[in-house]
Amino acid sequence: MDEKKAPKVLICDDVLENRKLLASTLQRYADFDLTIISDGTTLLSKVEEIKPDIILLDIMMPDIDGYEVARQLKSNPATASIPIIFITALDQIESKMKAFDTGGVDYISKPFSPKEIVIRIKNHLRLSEMMSGLEAEVRERTRELESLNYALVLALENANYYSDIETGAHIHRVNYYSQLLAQSLGLSDKEVQLIARYAPIHDIGKVGIPPNILKKKEKLTPEEFDKIKEHSYIGYKIIDLPGIPSIAKNIVYYHHERWDGSGYPIGLKGESIPIEARIMALADVYDALRTVRPYKSALPEEETVGIIQESSGTHFDPNVVDAFLKNRSKFDDVFKRLSQLDKFNKE
Ligand SMILES: [Fe+2]
């Protein structure tokens, strides 16, 4: 049979008699695995090694008081979830409030009733166990949703790829370019992750454009160009679903907007264009300039950089161009490294 381990209880009190009394009480009424410490500094240095299930903490201690010990425990992710019960002779309401403010789950005044303290410890251990069970479940569900979401994005990327709208390499490169720009512009980790994830489907709307126009080698007529422009809106309609983040929708809908307002589909100007779309615009154009398209040959790196620099403040957000220039060699590395994928056959 699986035998459950005795819960680890850590007692921290500077007075020897108090430690003895607490330890003998707990040993008499319950099966706990006790660790006894006489000061806050030792507790903080050893707590990660001991890994207690609960801490009984005195407030008035000579080196660091219990409030400060609790504050430090709560600010460390490794120890933040350990429940702390303050045990002290202080009985004023302010002391109790402060104990809860610093992260204590309970407060027991001395002299305490032995049975009461054991019951309270057991209750908090049970609550803490339930909380960590719930947290683990939420983490698991979040992971499942994340991987489902990621799989759906990949499915859309594949639709793009197999319909011959984009090469696999372009899809992967814009993922890296947009990540480099978003990081360099100081966006949050979450924003960087979302921008990089959804950048590869910026042109998903091209599935709704007739292939004879999309792949035409000759110059497009104004009507044909108008048709191509519809891909932003078509893409937006494809992904305009509950649960798809706005970053994804903005990338798809606004990636052909220009800083000076001369882009499409709306003609938004400057910072009214969402930053993720301003990033996408540069990442997309950089890659397009450097690769062969039905209507053009590939440009060398230097010429590509020159065109982007010249378009700062007209086509592109000047801040995004600055971020690009700082990462110019990384863009070149990504381009060269991931161009190999273009040579693979679709199977
Ligand atoms: Fe596009």
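The values are calculated or read from the model by the stated rules, or taken from the named source; none is laboratory data. Here the structure is a predicted model, which means the values were calculated and not measured. Neighbour counts are summed over all protein chains in view; Cβ atoms, including those assigned to glycine, are modelled from backbone coordinates with ideal geometry. Calculation scope for accessible area: heavy atoms of the full protein, side chains included, ligands and nucleic acids excluded. Shrake-Rupley method; radii C 1.70, N 1.55, O 1.52, S 1.80 Å.
Things worth noting here:
- GNM on the chain, alpha-carbon springs under 10 angstrom: the most fluctuating residue among E302, E135, E116 is E116.
- ³J(HN,Hα), Karplus 6.51/-1.76/1.60, whole Hz, each residue of segment 101-117, x for Gly, Pro: 4, 7, x, x, 9, 7, 8, 10, 8, 7, x, 9, 8, x, 5, 5, 5
- Set of aspartates and glutamates with alpha-carbon distance to K96 below 20 Å, sequence-local pairs under 8 removed: D13, D14, D58, D65, E68, D106, E116
- Between 0 and 90°, nearest 10: helix 189-198 axis offset from the chain longest Cα axis: 40
- If you run the Gaussian network model on the chain, springs between alpha carbon atoms under 10 Å, then out of E144, E17, E257 the most flexible one is E17.
- Of R71, R120, R126, the residue with the largest accessible area leads and the full order is R126, R71, R120 (1.4 Å probe).
- Approximate spin-label separation L325-F112, in nm, with each point projected 7 Å along Cα-to-Cβ: 6.5
- DSSP bridge pairs, the chain: antiparallel proportion in percent, nearest 5: 5
- Loop-resident sites, segment 233-304, for trypsin sites (Lys or Arg not before Pro), counting at most 15 other Cβ within 10 Å (DSSP): K269
- Accessible surface, 1.4 Å probe, highest first, among residues Y176, Y162: Y162, Y176
- Whole-percent P(r), segment 163-343, all Cα pairs, 5 Å bins from 0: 1, 9, 17, 21, 23, 18, 9, 2, 0.
- Built amide H within the under 5 Å cut-off of I108, gap 5+: F86, I87, T88
- Under 20 Å, Cα to Cα: Lys pairs in segment 1-66, sequence gap 8 or more or different chains: 5
- Protein-only accessible surface order, largest first, of L325, L57, L21 at 1.4 Å: L21, L325, L57
- In this structure, A155 and Q193 have a Cβ-Cβ separation that, at R0 = 22 Å, corresponds to a calculated FRET efficiency of about 0.70.
- In nm, spacing of pseudo-spin labels at Q309 and R141 (7 Å Cα→C-beta vector): 5.3
- Inter-label distance, nm, simple model (7 Å from Cα along the C-beta direction), E271/M97: 4.0
- Solvent-accessible surface of the chain, taken per residue with a 1.4 Å probe and all protein chains present: 54 Å².
- Under 23 Å from K215, Cα to Cα: lysines that are on another chain or at least 8 residues apart: K206, K227, K229, K237, K296, K343, K346
- Net lengthening on full extension, R293/L241 (0.36 nm per residue, minus Cα-Cα): 15.6 nm
- For Y150, solvent-accessible area (1.4 Å; no DNA, RNA or ligand), Å²: 110
- Net charge over other residues, Cβ less than 11 angstrom from the Cβ of I275 (K, R count +1; D, E count -1): -3
- Taken one residue at a time, the phi angles of segment 68-73 give Karplus couplings (6.51, -1.76, 1.60, θ = phi - 60°) of 5, 4, 5, 4, 5, 5 Hz. Gly and Pro are set to x.
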